[in-house]
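To start, the structure under review is shown below, and the notes come after it.
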Amino acid sequence: MRRKLVAGNWKMNGSLAANAALVAGIKEGLAAQACDVAVCVPAPYLAQVQALVAGSPVVLGAQDMSAHASGAYTGEVSASMLQEFGVQYVILGHSERRAYHGESDAAVAAKTVAALKAGLVPLVCVGETLEQREAGQTNAVVGGQLDVVLAALSVEEAARIVVAYEPVWAIGTGKTATPEMAQEVHAMLRARVGAKSAEVAAKVRILYGGSMKPDNAQQLLAMGDIDGGLIGGAALKAPDFLAIIDAAA
Ligand code: 13P
């Protein structure tokens, strides 16, 4: 049985005051939950949120990192810097980074390798656009994105990643994949991992992301290959985030 993970992706949202209120609300409402919980926060707030979640079941995540260890990469943040602030998870290859920052599959693979080497758990995001889905290319696109990452990893490394399926057309649009649509893609992704190692495929967690809300989380999370959620908008409201965590438990 894979333990579910509910991770909030705050994206470029927050302030010192808003973060404090949000984390307080999450901590207050957390029961002895039976799933893992993470918040992936903007880099400047890592130290603040590290202190806010200390001693609670909520773990800290980042939203991106450099593939490089250090040096002349202005604006970038390294895996070892994230580690110094207690970061455990790092989102890599989010569709917003692929679209607005030109991140290629190869760049995502290099970042994944660097994260694993530093002992971080990469949340590797894959997803198709509406045009790609309508052209019947979903499996080729999404499977292909994951294959490039898997090709860069040993079996032991592949066992330490988390995959997030985030259909681009469902992100921030209020349009969610139906549980059946998501399950179909998740099963395909698990099979891609299975081509590398059946043992890893049975254990790897595959999260769904894209307009997951309290009112659809339970149905999505009930599907056999959906092992949690990567939550955008609903992760910014403590009651909504808590309701999704409850649905996963
Ligand atoms: P929304 O939940 O706002 O659709 O965002 C999903 C997402 O991109 C999480 O990484």
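The values are calculated or read from the model by the stated rules, or taken from the named source; none is laboratory data. None of these values were measured; they are calculated from a predicted model. With ideal geometry, Cβ positions are generated from the backbone for all residues, glycine too; neighbour counts draw on all protein chains shown. To get the accessible areas, we keep the full protein, side chains included, count just its heavy atoms, and leave off ligands, DNA and RNA. Shrake-Rupley method; radii C 1.70, N 1.55, O 1.52, S 1.80 Å.
Only one residue in Leu150, Leu220, Leu242 is part of a helix (DSSP H, G or I), away from the ligand (no atom under 16 Å from the Cβ), buried (at least 19 other Cβ atoms within 10 Å of the Cβ) and in contact (Cβ under 8 Å) with a residue 40 or more places away in the chain. Which one?
Leu150
Under 8 Å between Cβ atoms, which residue pairs at least 6 apart in sequence (or on different chains) link something in region 92-111 that is more than 15 Å from Val77 (Cα to Cα) and among the charged types (D, E, K, R) with a partner that is open to solvent by 50 Å² or more (accessible area, probe 1.4 Å) and outside any loop (DSSP other than H, G, I, E, B)?
Glu103/Arg97; Asp105/Val148
Of the residues Ala18, Ala31, only one is modelled with pLDDT of 95 or more and surrounded by fewer than 18 Cβ atoms within 10 Å (Cβ to Cβ); which?
Ala18
Go through (1) without any contact (Cβ under 8 Å) to a residue 40 or more places away in the chain; (2) in a strand (DSSP E or B) and name the single condition Gly8 misses.
Condition (1) is where Gly8 drops out.
Output the residue which, of all residues in region 154-170 that are outside any strand (DSSP E or B) and within 11 Å of the ligand (Cβ to nearest atom), is nearest to Leu130 (Cα to Cα). Walk me through it before giving the result.
Residues of region 154-170 that are outside any strand (DSSP E or B), as a first pass: 154-161, 166-170.
Retained after the next criterion (residues that are within 11 Å of the ligand (Cβ to nearest atom)): 166-170.
Numbers: Glu166: 12, Pro167: 8, Val168: 7, Trp169: 5, Ala170: 9 Å.
So the residue we want is Trp169.
Kindly check whether there is at least one residue in region 183-206 that is assigned to a loop (DSSP other than H, G, I, E, B), within 11 Å of the ligand (Cβ to nearest atom), modelled with pLDDT of 95 or more and not polar (S, T, N, Q).
No: zero hits.
Quick one: is Ile161 buried (at least 16 other Cβ atoms within 10 Å of the Cβ) and more than 30 Å from Leu16 (Cβ to Cβ)?
When the stated conditions are applied, Ile161 passes them.
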